[in-house]
Structures are given as structure tokens and as C-alpha cells.
1. Among V55, N109, H41, whose Cα projects farthest towards the positive end of the dipole of the chain, with charges put on the beta-carbon of Lys, Arg (+1) and Asp, Glu (-1)?
2. If you average over every viewing direction, what projected area does the convex hull of the Cα atoms of the stretch 25-68 give, in nm²?
3. Given 0.36 nm per residue, what is the gain on full extension from N46 to Q74 after removing their alpha carbon distance, in nm?
4. Placing +1 at every Lys and Arg Cβ and -1 at every Asp and Glu Cβ, with all other atoms neutral, what dipole size does the stretch 1-155 have around its Cα centre, in debye to the nearest 20?
5. Once you have a ≥ b ≥ c as the square roots of the Cα gyration tensor eigenvalues for the chain, tell me rounded if a/c is under 1.5, and otherwise prolate or oblate according to whether a/b is larger than b/c.
6. Using the crude model of +1 on Lys and Arg Cβ and -1 on Asp and Glu Cβ, and no other charge, please compute the dipole size for the stretch 28-87 relative to its Cα centre, in debye to 20.
7. What value, in deg cm²/dmol to 500, does the helix sum -39500 (n - 2.57) over DSSP H runs of n ≥ 4 give at 222 nm once divided by the residues of the chain?
8. Calculate, for the stretch 99-147, the solvent-accessible area per residue in square angstrom, rolling a 1.4 angstrom probe over the heavy atoms of the protein chains.
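The values are calculated or read from the model by the stated rules, or taken from the named source; none is laboratory data. From a predicted model like this one, the values you see are computed outputs, not experimental measurements. For neighbour counting, all protein chains shown are included, and Cβ atoms are generated from backbone atoms with ideal geometry for every residue, glycine included. The protein model used for the area step is the full one, side chains on, heavy atoms only, and it has no ligands, DNA or RNA in it. Shrake-Rupley method; radii C 1.70, N 1.55, O 1.52, S 1.80 Å.
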Amino acid sequence: MSINELKSRVENDQVLVLERSFDAPRDIVFKMFKDPEHLKHWWGPNGWELPVCQVDFRPGGTWHFCMKCMDQNQGEYYGMESWGKVVYKDIIEPELITYTDYFSDAEGNIDETMPSSEITLEFIDVDGKTKLVNRTEYESAEALNKVMDMGMLQGITETWNRLEEHLKEVK
């Protein structure tokens, strides 16, 4: 696997597993996921920014955020906002983060019409580089298919490409 190739597979029809290696130490990659000042630089697909990013990084804490399309070339998506809310479950620094991921509104109210997911991020040290394994479990195959149809795989690929670029800047 090349350093920035995203590998994906589906397990049991409702678990999406993503793997990618980053050319940065594990503690640095982990920090990118907990610090709002870093998240603002890379979270979201190309052309999207994070104008709202409120993080309470602890078990039981939340991350409430807004992704906004700032790229006029994205046509109908330009100006669109996508709100999310994360509720952290377990944090073992710099190895593991587990959380529930929800779609929400600007006030942080969970959107029950959209699929939520249980996410495990595993940060594995490989000779000074970091292998990131993201396991996302949905309540059903239909819920997984719904987010896949929304372009989630392309979005996460672009997001992790942006993370790779940000890591080069902070090293």
C-alpha cells in the first residue's frame, strides 16, 4: 500500500473499514483529531471549511461542527452547510478514539432522519509512521448505503488527503 492510498472494505453489510498510512508520528496524527485549531485546517472534503468547531475532547464530551462549501465551482453545493455532532465514548491517547457520529442542526440537536454511526479510530505506530484504521458501524446495510450514496467515500478520501497536507505543514 502506498503511503497515501485509502483502502476500504465492507464487513457484515453494515461496517465500513477504512485504512490509510500517514508519514507522521502517531502522537502527531492523533493530535490532529482532538485539537480544533488543527481540525479547522483539514476536516471535510475539498472546497469545504469548518466555520464552527467546538470540541470537548473527553469521554462523554462532544464535538459540534459545521462544514460549509466555500467553493463556487461546486455549483448547487456552494454555500451549503452540513452540521454534525460527535459524542466521545473512549479515548486512549495516542492509540484509540471511539465515538458516536450524528448529523445535527446548528443547535446540536440530532437529526433522527439521518443515519448515525459508531466509529472506532485506531492509530497504529509503524516505524515512526501512522496507520489509521477507521471502523464505522451503521445500524443496517441500508444506512451504510445511504451515506455511501451521498458520496461519503470520496469525501473521506479528500478529507484524509487534506490531513496529509496539513501534517506536512505542522511537522
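1. H41
2. On the way: hull surface 13.5 nm².
Over every viewing direction, the Cα hull of the stretch 25-68 projects on average to 3.4 nm².
3. Working: separation 28, 0.36 × 28 = 10.08 nm, distance 0.97 nm.
Stretched fully, the N46-Q74 segment lengthens by 9.1 nm.
4. Numbers: 15 positive and 29 negative charges, 77 e Å.
Result for the stretch 1-155 is approximately 380 debye, rounded to the nearest 20.
5. On the way: a/c = 1.29, a/b = 1.19, b/c = 1.09.
Taking the square roots of the gyration eigenvalues as a ≥ b ≥ c, the chain is rounded.
6. Numbers: 6 positive and 7 negative charges, 60 e Å.
With only Lys, Arg, Asp and Glu charged at Cβ, the dipole is about 280 debye.
7. Values: 4 runs with 42 residues, N = 171.
Calculated mean residue ellipticity at 222 nm is -7500 deg cm²/dmol.
8. Values: 2550 Å² over 49 residues.
Per residue, the stretch 99-147 has 52 Å² of solvent-accessible surface.
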